[in-house]
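**Student:** My questions all concern the structure below.
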Amino acid sequence: SGTPSRKSSGRRFMFSQCGVCGACEWDPTMAKLPFQETAEGLDAAFVGVPIDTGTSNRPGARFGPRQIRVESALLRAYNSGTRAAPFESIMVADIGDVNVNVYDLKDTCKRIREAYRKILATGCIPLTMGGDHTIAYPILQAVAEKYGPVGLVHVDAHADTSDVVLGERIGHGTPFRRCVEEGLLDCKRVVQIGLRGTGYSADSYEWSRAQGFRVVQVEECWFKSLAPLMAEVRTQMGNGPVYLSFDIDALDPGFAPGTGTPEIAGLTPIQGVEIIRGCRGLNLVGCDLVEVSPPYDTTGNTALTGANLLFEMLCVLPKVKHY
Ligand SMILES: [Mn+2]
């Protein structure tokens, strides 16, 4: 533990409380940053939400935050590609995990909402490590409470807009349906990128389009740079508050196999980086990277990719200096 500094600590490991059992204290921090208990005084904070109670297929995402932190030990202080220097310009720390209840998903959602209310009340921007995609719903409840309906850049293999799955309204396939019902999203400022795979009907994304979302199916992304798309997305988002939600399963499972519901023919890591770098200049008020499932991540590269994408998110936050 310690006070946050503008540089990553340079130590091999810092320690935060492990949110899985809540008892031990052996998790390393994200990017070897200092750990602190609250978001007080921070411009941005890495937060873990270790649940997979909302998954419908392969479990394991509850171990995502831990493995992302482990693999993040390789991250260095500067972005060589964009020349961003996040630790020179804003205060960042790892504030540990939300104290979730893995036996009760609805109680977990309540706990997440409460935790994010407190984080956002300090003016801090949360960078969340999931956890399955269910968590985007309570996070966005807290975000919209502070900022009003937000724009959403949603990168995913799936639309996550189902109404009911297996008889349940809360799960990793339903968060954005719930968000729309509760008026948490500015629907004209929502884009879903990378959608694909088998569906429950021939027009899988009809509901999204009917809300006013822009849907960019993966076929529109194949074989090309996504930089031109992101120029259009920046115009769509305008100056209003924007939340970025990145499901690692948007990437092809050849690059990111460690995830719960993989779909073939996905985005490349290059395209993932282009999307995040394309968010520079937006009024980002929160970001997440979800669905990393370490038990299916045989090399650790899925978590490593997640860690790097989170670093890229940090680099495009408002106020981050670029040389
Ligand atoms: Mn998802």
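**Student:** Once you mark the trypsin sites (Lys or Arg not before Pro) that are in a DSSP loop and have at most 11 other Cβ atoms within 10 Å, what is the longest gap between them in the chain? Intermediate values should be presented prior to the final figure.
**Tutor:** Values: sites that count: Arg12, Arg76, Arg83, Lys224, Lys319.
Longest run free of exposed loop sites: 84-223.
**Student:** Given the options Thr29, Thr302, Thr122, state which has the largest fluctuation in a GNM of the chain using a 10 Å cut-off (strictly under) for Cα springs.
**Tutor:** Thr122
**Student:** Give me the net charge of Glu312's neighbourhood, meaning all other residues with Cβ under 14 Å from the Cβ of Glu312; Lys, Arg count +1, Asp, Glu -1.
**Tutor:** Summing Lys/Arg as +1 and Asp/Glu as -1 gives +2.
**Student:** Considering only DSSP beta bridges where both residues belong to the chain, give the percentage that are antiparallel (nearest 5).
**Tutor:** The antiparallel proportion sits near 10 percent.
**Student:** Once every DSSP H run of n ≥ 4 in the chain is given -39500 (n - 2.57) and the sum is divided by its residues, what mean residue ellipticity at 222 nm do you get, rounded to the nearest 500 deg cm²/dmol?
**Tutor:** -8000 deg cm²/dmol
**Student:** I've got another one for you. Averaging over all projection directions, find the projected area of the Cα convex hull of the chain and quote it in nm² with one decimal place.
**Tutor:** If you wrap the Cα atoms of the chain in a convex hull and average its projections, you get 14.4 nm².
**Student:** If you stretched the chain out fully between Tyr200 and Arg214, how much longer would it get, using 0.36 nm times the residue separation minus the C-alpha to C-alpha distance? Could you put the intermediate results ahead of the total?
**Tutor:** Working: separation 14, 0.36 × 14 = 5.04 nm, distance 2.00 nm.
Once the chain is fully extended between Tyr200 and Arg214, it gains 3.0 nm.
**Student:** Next question, about the same structure. So what's the net charge close to Arg113: Lys and Arg +1, Asp and Glu -1, counting the other residues with Cβ under 13 Å from its Cβ?
**Tutor:** +3
**Student:** Just to be sure I follow the definition: excluding the sites themselves, where is the longest run in the chain that has none of the GluC sites (Glu not before Pro) in a DSSP loop with at most 13 other Cβ atoms within 10 Å?
**Tutor:** The reported range is 38-181.
**Student:** Give the whole-number value, in cubic angstrom per residue, of the convex hull volume spanned by the C-alpha atoms of region 58-181.
**Tutor:** Value for region 58-181: 145 Å³ per residue.
**Student:** Just to be sure I understand: of the beta bridges DSSP finds with both ends in region 115-248, what percent are antiparallel, rounded to 5?
**Tutor:** 5
Throughout, read-outs are computed from the coordinates displayed, never taken from laboratory work. These figures come from a predicted structure and were not determined experimentally. Cβ atoms come from the backbone with ideal geometry, glycine included; neighbour counts cover every protein chain shown.
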